Structures are given as structure tokens and as C-alpha cells.
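To keep things clear, I will list the structure first and then write my remarks on it.
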Amino acid sequence: MDIVDLGRLQFAITTIFHFVFVPISIGLSLLVAIMETMYVVKKNDLYKKMAKFWGTFLLINFAVGIVTGIMQEFQFGMNWSDFSRFVGDVFGTPLAIEALLAFFLESTFIGLWVFGWDRLSKGVHLACIWLVSIGTILSALWILAANSFMQQPVGFAINNGRAEMVDFFALLTNGQLLYEFPHTVFAAIATGAFLVAGISAWKLLKKQDVTFFVQSFKIAIVVALISSLAIAQFGHGQAQYLVATQPMKMAASEGLWKTSADPAPWTVFATIDPEKQENGFEIKIPYLLSVLTYNSLSGSVPGMLELQAEYEKTYGPGNYIPPVRTTFWSFRIMVAGGSAMILLALYGAYLALRKKLEQPNKRFMQLMVAGISLPFIANSAGWIMTEVGRQPWTVFGLLRVEDSVSPSISTGAVWFSLIAFTTIYLILLCLLAYLFARVAKKGPELDGHEEVEDLQLQDPFDRVRSERYGA
Amino acid sequence: MELNELWFLLIAVLFTGFFFLEGFDFGVGMATRLLSRNDLQTRVLINTIGPFWDANEVWLITAAGAMFAAFPEWYSTMFSGYYLVLTLILLALIGRGVAFEFRGKGKGEAWKKTWDAAILIGSFVPPMLFGMVFASLVKGVPIDQNMEMTAGFSDIVNGYSLWAGVTVTGLCLLHGLNFISLRTVGELREKSRVLAAKLLPMQAVLMAVLVGWTFMVTDLFERQGVLLTVAVLLGVIAFVLARHYLRQGREGWAFGMTGAMILLTFVSMFIGLFPRVMVSTIDSAFDLTLYNAASSPYTLKAMTIVAAVLLPFVLAYQAWSYFVFHKRVTEKDHLEY
């Protein structure tokens, strides 16, 4: 493998890993904020216990999210220095603002939240978790503003051989961002919600702490339902926008070689042959692609071969067709995952409404446990589709991947970092799963701090404290 | 002041702030092995920095982000040029960051020992390597006409840079010990103060040699002789005062003095560099400066407005968080980790 492939592989691996943890942080901090709000409003200690219990998951995850995030920021300069030189003027700004506006907020207030239970008033302590939640969402906004620029460059001019910013607000009103941001943030919120709902379902199956987990399930399933419907809505909007702005990505994710008939059918399944540039076996639903694309029963969608000819005219000779199989299937996996989430959330909300959670439907609850994996699958597939579908561009229409890499680094160095980061990230993922399972098993009574409990048993004063503060 | 200069100043402040703040929490991480007798004391030590270390690390992330936005060429040259060093720093920071969170949530002695080791290594490696990076940065590295840095092993790892690495690490340890004596009670407070007093003369030797070595191998004193001499004199005063306050047991002031040493070290470095950001050993015409490495005037202006609006809030709530946790941590507290 050459330096470009190695750099891409490292970027793909570190980004997909990072995006396992980030949605959990965004989703869980919102849920914990909701729970603590209910505690402050209803003055019921059950909600405080909930905030603390689910907060333990948040903290374990938060640490991993942050440390894997530093890698993301450094990686642009380390592996992709020519990219950074070319777009730094535009791309660096949202990154710097992300740190200044979001990271400081999250990191300071999560510290205050964890250590401040008995030092801050109830209202101030509640404000801390809300600020953490807002911080995580602001962080998503700015990093997605940067990503949206790569999908659809706006507000720049080419001067001095690089892209220079000419309109800061164009970055924030980028059409791509207006769909990508809500779509991604709701996906993250759903991730947290399905995690809480799934763990609650698991505990309900075991009939442990029933009141606690029924209540947790209820809150989570409402959030899961709202967010998964919103994901679909914004995803639909994003797909329509894609046809207009990155038609090649859309064509690839539909496996559409030749421009479609009018009205366009939607391909459910296809065996794709990128060599011959055609599909073998296909299953199609008539009209559906026209409906999805234009909200209308007519209209054809441009195919890859036609677009290729068009791009060659605009950008010069080259292959502008992204890896079709990957784009096609990741899109379908994402949509299937999202649809399953909506169905699970609908039925779960129905059960909660009919107050049927105490005697759970065993089969459904097992599905909810398995459903924890759905958002992760859909999230990863969504990013793979977005980023692979952008190939061969790093910045659409401006800069190709092979021109983005750092010229001065050696393949040996990248091999070393690739292996080191992949290993350590895998270990982190296993540890996270292990700790999640461990905290879930212990349940809400133990606060996730075994040692603290031991000490409190030894020291009568601490026991008084723990009763007073519900520690 | 031009915006280019302002952003150079801001990045200098961010890096210096990072070493001041994360400096003491690196120091606390290193000191866990030196001071604590048992698990409870280790937990007290970690709890002294518990609410802060995360936000302290964000100073580094913001410094890098600001470099990317204001001086993309500097960011690109430096980050690709120091590829392996930064990889090692990242690995260390990853291990350390999760160690704080994971340590108290698993089971058994081996689990804890592993994370204690991660805290120790993760607190030792970054200041050491950053010291080496910045030393080689002021000494100069091979940068060609395309702003590409092609450093060999000895450009980054040499006597001078190793000495600087050890000096920065020592500064962080000393600063951390003073922080511990400021934030704890009883045995830990006493032990850290005594150890700090013992390490202070050694640190003075490290710093003195570093100053001399810098005088010989870099052009910093040639360019900014007066300012750097003033900095060295202030540094000497800080040492004398630190010794005085440590003897008197005035821990806040002693902490302030080690902080001043860190500030003086990094401020001198940035003063000596100015208006360059990276020094080329191939030809001084290839130096990266805060002009040829910068973003466009429009971007700098936009960033300045954003920073002017946000920074006061950021500084205010960070200061507030230190105020909230100003009480000393005791073994009777409800400890995290």
C-alpha cells in the first residue's frame, strides 16, 4: 500500500471508531440532562438516581470520545498536510471555533457535574449537564460545518494557490450543513436513546430494579421515537439535496450506471459489476426513486456514465466514479437500520403508553437489546456512504485525495501509527463494552464505584454522607 | 498590532497556558508513584486534578485548532514533520485520559495497576516529547523551499532537545508537587512540599544548563538578547522565591512561582522565535514566519471577532470551576475514580 492508501485507511479506521463514541456522548448527555431536569422539577430521587446511573455510562464513554477526538484534529496536519495547506484558511476556522466554543464548554462543565454534586446548588448543577449537552451538539455543528465544506465548498475563492475564505456566514448556511447537521445530531441522540432503552430492556427481562428501568425505558423510548422519525425526515431531505449537488454520489448509492427512466424505479437489490459498469440481477420498485428524489411521480435521475462524461469535461480526464458497491450497500444498510429503529421505537412507545412494560413482551425486549447495535451500524454506514461516495475528491471539485496527502512522511511511520492506533482503539472498544456491561450488571444501587461503597462501609461518617447525598 | 501578530500571541498564550495548566496535572500524574502509600492516597491525588485535567487538555486542542486556522502552513509543516513524535504523544494522552475514568470502574489489583501505569507513562511522555519538539523547533529543522520539513532522527532527538525534554518534564513535576501541597492535607501535603524543596535545586541546574545551551546552539539571544536576559533574571528570582515560600510553607505562592517558571520558559521561546514560527536549517529564506504561514486577512479578522466574543466567557467559567473546587481534597471526601 502506498502513503495515500495507508492514510485513507487510518483516517477511515480512526474516524469510524471515533464516531462510535461521539454519538453516545451526544445522546446520553441529553438523556441525563432530561432525567436530572425531571429530578429538579418533580423532586423525586428516582430521577436523581437515574441521572447518576446513566451518567456513569456517559463518563466512561466521554473519556474515550475525547481522547480519540484529539487524534482527529491532529491527523489533518499529520497525514494530510497538503489538504491542510490548501483549505486551512477555510477549514481551520470551524475547527478552532469547535475547540473554543464546544470543547471548553463540555470539558469544564462535565468536571463540574461529576465533582459538583454536593458543592453546587441543584439548579446550577442541572445547568452544568445542560451545558455539557449543548457543548456536544455545538461540537457537532462546527465539525459538520467543516465536513460540509468538503462535500460542497462555499464561501471561498481560490487565491495564492489555495482556497481562501471570503464569506464566513456562507459556511454556516451551507445547504449541505442544513441537512447534514440535524440528520447527524438526531442520529446521535437516537444512539443514546437506544442504548438506554436496550440496557433497560435487558434489566427488565431479568426483572431487576423494575421501577427504575421502566421509567428509564419510557424516557428513552420517547426520545428514540422522536429522533428516529427526525432522522428519516432530514435524511430524505439530504438525499434530495444530494441529487442536486453531488449527483455522482447519489447515482453510485443507487447503483445507477445509465440515466434512469422517467419515472425512476428504486433499486432494492442489485449485483453490481464495476468492471463492466453494469448491474446483473436487480429488484426494483417502480416510481419510488422519483418519489424519493423529487416528491413526484415523474422525473429521471442522472446515471454515473453520463455524469462521468460531464465531469471529464469540467475537471479533465480521470475516473470520477466512486467505489459503487460500497456506496450502494452502505446506503441500503443505513436505510434498513433506520427503518428498523423507527419500528422498534413505535412499538416500544405503544407498550409504554399501554403501561405494559412491567410484564414485558419477552421477544420484543430481546429485540430492543439487540437494537442497541442498530444506530451504530446505521451511523457507520451513513458515514461510509457520505465519505466514500465523495471519492475521488477530498474537497468536492477542488482537491483530489491523492493531492491531499503529506509528501514528507514515510510509509513506515504511517504503518506504525496505523497499527498502534488500530490496536489501542480496539482495546478501548473492548474495555468500553466490558465496563458498560459491568455497570449495567451492578445496577443503579451501586453508583458504579465499588471502592467508594467499601470505604463508606468502613467509615460511619461517610455512610451518613452517602445517605444524605444519595451517593 | 497586526492580526498576524495578535494570532501569534494568542497561540503562544494557548501553548503557554497549556503547559501551565496541564503542566501541573502532568506533574500530579507523575507524582502518584512518588508520593502515594496506598490506593486511597492515589485516589486523593487523582481527585486533586479530577475536575480540571480534561479542560486543561483542551488548551492544547485549541492551540492546534488556532494554528490550523490562523497559520495553516505552520500547522501542516509541523504536524507532518513531527509525525512519529506526535503519534507517541497522542498514544500517551489516550492512555492517560481513559485511565482516569476507567481506573475506579473495573475490578481487581491488576486492573488498577495497569491504569496507574498508564497515568504515570501518559503524564511523563507528553511533557518530555513536547520539550523535545519545541527545543528542535527553536534550534531549527530542515525545511525546504516548499515548506516541507524533512527531519532525520538526530534533528529531533539530540543532546539539546533531550535536555530540554527533561527540563520541561522536571518543571511539570515540580509544578505538580506544589499543586498537590496546595490541594491536599496531612501527609500528602507535607510529603509533596518536602519533595518539591528537594527537587528545586536540581531543577535550577537543569534550567541553567538549558539557558546556556540555548545561548550556544540557537540564535534566540542574538535576536532578543535584552528581553531574554530579563526573562532569565526573572526566572532566577522565581527560583529564589519558590525556595523561600516552600520553606515558609506558603504553598499558593510556591505554586505561583513554579507557574512563573513555566510561563517564562515558553514565553522566552516564542519571543525568541518572533516573527518566525519555524526555523529552517537549510536556508533562513525558508523560515516559516507569521506572515508567509498565515491565513488570509479576512480569515484572521473573522477569527479575531469570534475569539474576542468567546474568550472572556471561556476564561470566566474555567476560573469559576477552579473557585468551586478551591477546598482541599481529603481522604474523607466522596472521591471519584
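No value in this document is a laboratory result; all are computed from the given coordinates. Computed from a predicted structure; not experimentally measured. Using ideal geometry, Cβ is built from the backbone for each residue, glycine included, and neighbour counts are taken over all protein chains shown.
Details
- Qualifying positions in the stretch B:283-321 - more than 13 Å from chain A (Cβ to nearest Cβ) and either outside any helix (DSSP H, G or I) or under 24 Å from the mean Cα position of the chain (by Cα) (or both): B:D283, B:D287, B:T289, B:L290
- Taken together, A:G92, A:G65 contain a single residue that is in contact with a Ser or Thr (Cβ under 9 Å, 6 or more places away or on another chain) and without any contact (Cβ under 8 Å) to a residue 12 or more places away in the chain, which is A:G92.
- Reported count of residues in the stretch A:363-408, each being over 22 Å from the mean Cα position of the chain (by Cα) and either polar (S, T, N, Q) or assigned to a helix (DSSP H, G or I) (or both), is 10.
- Selection status of A:D89, among the acidic types (D, E) and either more than 9 Å from chain B (Cβ to nearest Cβ) or under 25 Å from the mean Cα position of the chain (by Cα) (or both): no
- Residue among A:V41, A:V90 that alone is surrounded by 22 or more Cβ atoms within 10 Å (Cβ to Cβ) and in a helix (DSSP H, G or I): A:V90
- Within the stretch B:135-157, the only residue that satisfies the criterion of being within 20 Å of the chain's Cα centre (by Cα) and surrounded by fewer than 17 Cβ atoms within 10 Å (Cβ to Cβ) is B:V157.
- When A:L126, A:L30, A:L59, A:L131 are screened for being more than 8 Å from chain B (Cβ to nearest Cβ), under 20 Å from A:A197 (Cα atoms) and hydrophobic (A, V, I, L, M, F, W, C), only A:L30 passes.
- Among the residues listed as A:G111, A:G55, A:G69, A:G27, the single one being in a helix (DSSP H, G or I) and closer than 30 Å to A:F156 by Cβ: A:G69
- Unmet criterion (only one of (1) surrounded by 18 or more Cβ atoms within 10 Å (Cβ to Cβ); (2) assigned to a strand (DSSP E or B)) for A:L242: (2)
- Taken over the stretch B:134-166, the criterion of being free of Cβ contacts under 8 Å to residues at least 60 places away in the same chain, out of contact with any Gly (no Cβ under 9 Å at 6 or more places or on another chain) and in a helix (DSSP H, G or I) is satisfied by B:S136, B:F153, B:S154, B:G159, B:Y160.
- Residue match in the stretch B:53-67 (condition: within 12 Å of chain A (Cβ to nearest Cβ), within 19 Å of B:T114 (Cα to Cα) and either in contact with a Lys or Arg (Cβ under 9 Å, 6 or more places away or on another chain) or assigned to a helix (DSSP H, G or I) (or both)): no
- Given (1) farther than 26 Å from B:R189 by Cβ; (2) touching a His at 6+ places or on another chain (Cβ under 9 Å), number of the condition B:F24 does not satisfy: (1)
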